[in-house]
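What follows is a short report on a single structure.
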Amino acid sequence: MYALVTGGSRGIGRAVAVKLAKMGYKVLINYMSNDVEAEKTLAMIREAGSDGELLKFDVSQADVAQKALEDWMAAHPSEYIEVLVNNAGIRKDNLLVFMAPDEFQRVLTTNLFSFYNVTHPLIEQMIRHKYGRIINMASLSGLKGLPGQCNYSAAKGGLIAATKALAQEVARKNITVNAVAPGFVRTDMVEGLDEDELKGQIPMKRFGEAEEVANLVGFLASKEASYITGEVININGGLYS
Ligand code: NAP
């Protein structure tokens, strides 16, 4: 049983990879550049009693992602990836008035186009096997819209819409497609934010931990979550619903 976690080298993706390993999955860890952290995730997966492989490629590039995944499939003809967690993401915050074209484009290609680039090569095998679980990492920003994040809100909002559309396309093939929308979670991505100030706005008065998000993803990836599809599940300490 194989699972792929994009952006699995750090943060939420790492915690998800470890959770899936504990559930018995062999985990493919995709990442962009941080070999040291990716190796650390692989070691944690092995400590959890499973195994995995590193799959280093840029999810924002369709041809690169397709080749990496096709090569993996060719090397594993009797296996298929039954759980896909589209988690890799970046943010480049700026007020729209100051936002350079590249800041808008890179956030869209990494957070939204990646959904197509990674899911498209894998969906056919899920359909053929009549089983699959796809979990997309959205954000509070994609539901509410946050100032300074026109690019990121657009990408995550688009990801939520794509989740709902794909869920209906593949539901009768026993494939569920859901999105998770975290609020503030303590990872490298929120470094530089004023946690002391922001946590005052959160009813639980704290940022979330990556492992808390991973527990939700683990449930959506499990056989028990068989009748949940096309959903967006908030996980934000009560900040927004
Ligand atoms: P993080 O700690 O910054 O980790 C980002 C991960 O994505 C890393 O593994 C990174 O790989 C990978 N990545 C970035 N660009 C990539 C690319 N082009 N191709 C392949 N991998 C790429 O981020 P995080 O906080 O765990 O966030 C994970 C997801 O949750 C993101 O989609 C983010 O938008 C979402 N989210 C986070 C929060 C939060 O508060 N943290 C809240 C809501 C939603 P390298 O290590 O190689 O750079």
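The values are calculated or read from the model by the stated rules, or taken from the named source; none is laboratory data. None of these values were measured; they are calculated from a predicted model. Positions of Cβ are backbone-derived with ideal geometry, glycine not excepted, and every protein chain shown enters the neighbour counts. To get the accessible areas, we keep the full protein, side chains included, count just its heavy atoms, and leave off ligands, DNA and RNA. Shrake-Rupley method; radii C 1.70, N 1.55, O 1.52, S 1.80 Å.
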Item to check | Gap separating the Cα centres of the stretch 190-221 and the stretch 44-80, nearest whole Å | outcome: 28
Checklist outcome for this item: Looking only at lysines whose Cα falls under 29 Å of K56's and that sit 8 or more positions away or on another chain, we get K19, K22, K26, K40, K67, K92, K130, K156, K164, K223
Checklist entry - For the chain, what is the relative contact order in percent, using Cα pairs closer than 8 Å and at least 6 residues apart in sequence? => result 19
Checklist entry - Okay, which of the stretch 1-31 sit inside 17 Å, backbone N to the point 7 Å along the Cα-Cβ direction of D51? => result 1-4, 21-29
Next on the checklist: Among A155, A48, A179, which one shows the highest mean-square fluctuation when the chain is modelled as a Gaussian network with alpha-carbon springs under 10 Å?
Outcome noted: A48
Checklist entry - Using 7 Å Cα-to-Cβ label points, what is the I90/M1 separation (nm, one decimal)? => result 3.4
Checklist entry - Shape call for the stretch 40-85 from the C-alpha gyration tensor, a ≥ b ≥ c root eigenvalues: rounded (a/c under 1.5), prolate (a/b greater than b/c) or oblate? => result oblate
Item to check | Rounded tilt (10° steps) of 150-170 against the dominant C-alpha axis of the chain | outcome: 30
Item to check | Whole-angstrom gap from the stretch 103-166 to the stretch 5-42, using each part's C-alpha centre | outcome: 19
Next on the checklist: So with the 1.4 Å probe, I'd like the accessible area per residue for the chain, rounded to whole Å².
Outcome noted: 47
Item to check | the chain: calculated mean residue ellipticity at 222 nm from DSSP helix runs of at least 4, using -39500 (n - 2.57) | outcome: -13500 deg cm²/dmol
Checklist outcome for this item: Length gained, K144-A171, 0.36 nm per residue minus C-alpha separation, equals 7.0 nm
Checklist entry - If you bin the C-alpha pair distances of the chain every 5 Å from 0, what whole percents do you get? => result 1, 7, 14, 19, 21, 18, 11, 6, 2, 1, 0
Checklist outcome for this item: Across V27, V36, V170, the residue with the highest GNM fluctuation in the chain (Cα network, 10 Å cutoff) is V36
Next on the checklist: For R106, project a label point 7 Å along Cα to C-beta. Then give me every residue of the stretch 145-165 with its amide nitrogen under 19 Å of that point.
Outcome noted: 148-156
Item to check | Theoretical gain in end-to-end length, E197 to A161 [0.36 nm per residue, Cα-Cα removed] | outcome: 9.8 nm
Checklist outcome for this item: In this structure, the FRET efficiency calculated for E231 and Y131 from their beta-carbon separation, with R0 = 22 Å, to the nearest 0.05, is 0.75
